[in-house]
Every structure is written in structure tokens, then in C-alpha cells.
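K.L.:
Below you will find the structure I want to go over with you.
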Amino acid sequence: DDHTGWCYCNHSKAEFEEWLGETITDWPGEFGRGGSRQLEFLEWRTIPVTNLVRDMTKWMKAIKPNLTIGAAVWTYFGNAPSYWRKYLGQDTGRWVKESYLDFVSPMIYTNNTADFKGMFLDDLEYMVDGPEGKIPIVPFIDVTRKNTPQTLKEEIEILRNYSADGWILWSYGGP
């Protein structure tokens, strides 16, 4: 691992080689950070993450069919959903499209109201396809990032004005 958070273990290599249809002799080599074929690896790594979300939903609903499945996901920003898809392996739009989730909760952690609004609007567009999207959207609001009561009020007003299905107030309580 080159500190990217991307897994370059032998299992990942074997699965990637199978998907790619070729044997890789220099691993991660050109598939690593900055390598000429890095984007191929990043595209592949969305597959095991998506399969995990799919399988967990399937297994849990087989046990309890009426279970509601949601996910706390990285928020989109700057109309750049591909950033999270490629660099985190998180393909939230696909999870929604394929009905792997019953609701989605983007983590919108900022104390800047304009940034908050922009991120939420991007989440609406790219995660659930608008205010009356395929599934409910219930964002997390971080109340510890120097958010004042006024900022919190403004963020909740934004969510109400743009038809969020609710919100979750979140506070990191660790050391």
C-alpha cells in the first residue's frame, strides 16, 4: 500500500487481473498512484465495494425483508461525483439506481452555508436524481465544526427548501 488507502494485496491483484484479462508482473506498477493505467484500477475497485453493498443488502433482506437499508456516504462537491467513485470506490449513484439502498445519508460536514448548499444540491442531482428522487435523502449535519446555532438553522432551512427527507445531527465525540 502506498498510503492511498487503496488495497494492493495479492487478493486484489488476482481479482483485478481476472477482471482485466491479463497477468501483471510489476504490481502495482503502472496501476498505482500516478501510473499510466491508474484509472483502470480505480474503475475496477468500485466493483468489489459495490458488490459488498449489494450482497449485504441481499443477505440482510433475506433475513428480514422489511429492513430499511441506508448508507452514510461521502458527500459530492463541485459537481464531481466521479472523484468519490474513483478515489474511494464509492459508487453511490449506482447503489441507488440498482436499489441496494432504501435511503442515503451524505455526510455534509462544513461550517460554510454556501458550501453546504452546493454540496447538498450536488448530492440531490447525482445521488437521488432530484428532490423527488428514487429514494429518500437524509444528510448528516456536523454540529462540531464551529457551526453556530445560526449556521445550523441556515443549513436546516436549506434542507427544508430543497425537499430533503430529513437530517441527522452528528457530533464527533472522540478524543
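K.L.:
Counting only residues that are under 17 Å from LYS61 (Cβ atoms) and touching an Asp or Glu at 6+ places or on another chain (Cβ under 9 Å), which one in the range 101-117 is surrounded by the most Cβ atoms within 10 Å (Cβ to Cβ)?
P.N.:
Per the criteria, the residue is VAL104.
K.L.:
Give the residues of the range 1-46 that are farther than 18 Å from TYR87 by Cβ and in contact (Cβ under 8 Å) with a residue 12 or more places away in the chain, sorted by residue number.
P.N.:
LYS13, GLU15, TRP19, LEU20, TRP27
K.L.:
Now, a different point. One residue is enough: does the range 137-149 have a residue meeting the conditions closer than 21 Å to GLN90 by Cα, open to solvent by less than 50 Å² (accessible area, probe 1.4 Å) and assigned to a loop (DSSP other than H, G, I, E, B)?
P.N.:
Yes, the conditions are met somewhere in the range 137-149.
K.L.:
Name the residues in the range 158-175 that are part of a loop (DSSP other than H, G, I, E, B) and surrounded by fewer than 18 Cβ atoms within 10 Å (Cβ to Cβ), would you?
P.N.:
TYR162, SER163, ASP165, GLY166, SER171, TYR172, GLY173, GLY174, PRO175
K.L.:
Any idea which of (1) assigned to a helix (DSSP H, G or I); (2) modelled with pLDDT under 90; (3) open to solvent by 80 Å² or more (accessible area, probe 1.4 Å) is the one TRP19 doesn't satisfy?
P.N.:
The single condition TRP19 does not satisfy is (2).
K.L.:
Related question: Kindly establish whether THR4 is β-branched (Val, Ile, Thr), part of a loop (DSSP other than H, G, I, E, B) and at pLDDT 95 or above.
P.N.:
No; evaluated as a whole, the condition is false for this residue.
K.L.:
From the list GLU98, GLU155, which residue is open to solvent by 50 Å² or more (accessible area, probe 1.4 Å) and either charged (D, E, K, R) or under 23 Å from LYS58 (Cβ atoms) (or both)?
P.N.:
Every option except GLU98 fails the conditions.
The values are calculated or read from the model by the stated rules, or taken from the named source; none is laboratory data. Remember, it's a predicted structure, so these values are computed and weren't measured experimentally. As a convention, Cβ positions derive from the backbone with ideal geometry for all residues, glycine included, and neighbour counts pool all protein chains shown. All accessible areas refer to the heavy atoms of the entire protein, side chains included, with ligands and DNA or RNA removed. Shrake-Rupley method; radii C 1.70, N 1.55, O 1.52, S 1.80 Å.
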